[in-house]
Amino acid sequence: MQGQDKPHILSPSRQDLWRFTESHIWTFDTNHADPDPALSILRTLLDQPRWLEAHLLYDERGSQLFEQICELPEYYLTRTENSIIAEQAGQMIAAAPVECIVELGAGTSKKTMHLLREQVRQREGGTFAPIDVSLTGLIVSRDILRQQFPQLKFQGLHARYEEGISSIEKDLPTLFAFLGSTVGNFTHSEFVRFFRHLSDSMGPKDFLLLGADRVKEVEVLEKAYNDSRGVTADFILNVFQNINRQLGSDFDLRKMRYYSWYNPEWQQVEMYAISTATQEIHFPTLSISFVWEKEDRILVEISRKFEPTRLQQQLQCFGLKPVAHFTDPKEWFSLLLSKKS
Ligand SMILES: C[S@@+](CC[C@H](N)C(=O)[O-])C[C@H]1O[C@@H](n2cnc3c(N)ncnc32)[C@H](O)[C@@H]1O
């Protein structure tokens, strides 16, 4: 079948960990990954406060709902970031002389197409390797890319960040793009773990382009995560359908509601599911249950907001030296370009 050769973006010692999924897309072999998803979900659900890891939001329906969120009038993030990249992609690519662009948590890579266009214009080719837990987005971006940029090689990696990042060949000059302010979904400890791992896995000719949403008026922030059509609420509560499907558990979606607010001390929007009636949740594969009390919350997602100078300083602590800062006229969103030092 076409597109079945092992991707050259993967280091030879890690290639056997990937299996061919469909044309130009490979999946990380889960035998080497999390052995028991039920346990890792329960660990965070039994924590105080109860919380969930962000990747659980992106089953097929979750990915589709996220695409709808990106189009909402209240959700300024995608529009703003897209306009910055569309206008300044030429400078971004000129400042990062690379052969490959690896996108972390790529989704459908719509905004990245501006970078790819510049990569083709300035360097006539290269490789694009999006990494995502959701196969849906990888398929969409493969089809668009193969039609619009036949000069580029497409090597889609269906995996979690850490599995993808540690498999990338260090000697290939690579721009890691991490857009959409997805970095804001990390808790403080996940943030440290992620950037330590990313920086350790980067080679001396590598760059990072990080999209980060900035601190701004509370009203704007709160509206972006509580839209009038209720799409964000659907997206957040859909996580329980995904968990029920994966684990055979029995969260009752009719007995929960969505609640979000901006926590100014932590500079983050917090998105919760609140139980509207006491319910006992069973996990049959582990023979464990817990009682989710009425009015008790589960923190499903956070979206941290950043101050760009401070974020650049923090990245420097991980050996990522600032190269350039791109923003919009309102200074609502920032794209920070750093180089591995
Ligand atoms: C907030 S969306 C951003 C999508 C796209 N980058 C954008 O800017 O519109 C987060 C993306 O990261 C993916 N994702 C979430 N957790 C992940 C993980 N642990 N490993 C790999 N991908 C992940 C999701 O499937 C989703 O496509």
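What to note about this one:
- Test result for Thr44, touching a Gly at 6+ places or on another chain (Cβ under 9 Å) and either in the same structural domain as Leu175 (by TED's automatic domain parsing) or not in a loop (DSSP other than H, G, I, E, B) (or both): no
Every residue, every condition in (1) under 30 Å from Glu53 (Cα atoms); (2) touching a strand residue (DSSP E or B) at 6+ places or on another chain (Cβ under 9 Å); (3) of a type in the set (Phe, Trp, Tyr), yes or no:
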| site | (1), (2), (3) |
| --- | --- |
| Ala95 | no, yes, no |
| Met113 | yes, no, no |
| Arg121 | no, no, no |
| Pro130 | yes, yes, no |
| Gly156 | yes, yes, no |
| Ala159 | yes, yes, no |
| Ile165 | yes, yes, no |
| Ile168 | yes, yes, no |
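- The listed residue being closer than 30 Å to Asp59 by Cα and of a type in the set (D, E, K, R), out of Glu99, Glu81, Glu87: Glu81
- Screening region 34-54 for residues that are exposed (fewer than 15 other Cβ atoms within 10 Å of the Cβ) and farther than 19 Å from Leu286 by Cα and picking the one that is farthest from the ligand (Cβ to nearest atom) gives Gln48.
Residues are listed down the side, and each one gets a yes or a no for (1) surrounded by 17 or more Cβ atoms within 10 Å (Cβ to Cβ); (2) over 21 Å from the mean Cα position of the chain (by Cα); (3) not basic (Lys, Arg):
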{"residue": "Val102", "(1), (2), (3)": "yes, no, yes"}
{"residue": "Glu118", "(1), (2), (3)": "yes, yes, yes"}
{"residue": "Glu124", "(1), (2), (3)": "no, yes, yes"}
{"residue": "Phe128", "(1), (2), (3)": "yes, no, yes"}
{"residue": "Ile139", "(1), (2), (3)": "yes, no, yes"}
{"residue": "Arg146", "(1), (2), (3)": "no, yes, no"}
{"residue": "Gln155", "(1), (2), (3)": "yes, no, yes"}
{"residue": "Ser167", "(1), (2), (3)": "yes, no, yes"}
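- For region 219-236, a residue qualifies if it is in contact with a strand residue (DSSP E or B) (Cβ under 6 Å, 6 or more places away or on another chain) and either surrounded by fewer than 18 Cβ atoms within 10 Å (Cβ to Cβ) or outside any helix (DSSP H, G or I) (or both), and the qualifying residues are Glu222, Tyr225, Asn226.
- Residue match in region 150-158 (condition: in contact (Cβ under 8 Å) with a residue 40 or more places away in the chain, outside the structural domain of Gln268 (by TED's automatic domain parsing) and either more than 21 Å from Gln4 (Cα to Cα) or part of a loop (DSSP other than H, G, I, E, B) (or both)): yes
- Counting only strands (runs of 3 or more DSSP E) that sit completely within region 262-334, those holding 1 or more residues that are over 28 Å from Lys223 (Cα atoms) correspond to 279-283, 288-292, 320-327.
To keep it simple, each residue is scored yes or no on (1) of a type in the set (S, T, N, Q); (2) in contact with a strand residue (DSSP E or B) (Cβ under 6 Å, 6 or more places away or on another chain); (3) farther than 28 Å from Tyr75 by Cβ; (4) without any contact (Cβ under 8 Å) to a residue 60 or more places away in the chain.
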position: Lys216; (1), (2), (3), (4): no, no, no, no
position: Ile243; (1), (2), (3), (4): no, no, no, no
position: Met271; (1), (2), (3), (4): no, yes, no, yes
position: Thr285; (1), (2), (3), (4): yes, no, yes, no
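The rows are residues; the columns are (1) assigned by TED's automatic domain parsing to the domain that holds Glu22; (2) within 12 Å of the ligand (Cβ to nearest atom); (3) touching a residue at least 24 places away in the same chain (Cβ under 8 Å).
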site: Ile165; (1), (2), (3): yes, yes, yes
site: Leu175; (1), (2), (3): yes, no, yes
site: Phe194; (1), (2), (3): yes, yes, yes
site: Asp200; (1), (2), (3): yes, no, no
site: Pro204; (1), (2), (3): yes, no, yes
site: Leu208; (1), (2), (3): yes, no, yes
site: Arg229; (1), (2), (3): no, no, yes
site: Ala233; (1), (2), (3): no, no, yes
site: Lys255; (1), (2), (3): no, no, yes
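- Selected residue (only one of Thr112, Thr80, Thr108 is in the same structural domain as Phe195 (by TED's automatic domain parsing), within 12 Å of the ligand (Cβ to nearest atom), among the hydroxyl-bearing types (Ser, Thr, Tyr) and over 19 Å from Gln148 (Cβ atoms)): Thr80
The values are calculated or read from the model by the stated rules, or taken from the named source; none is laboratory data. The shown structure was predicted, so the numbers you read here are calculated from the model rather than taken from an experiment. We place every Cβ from the backbone using ideal geometry, glycine too, and count neighbours over all the protein chains shown.
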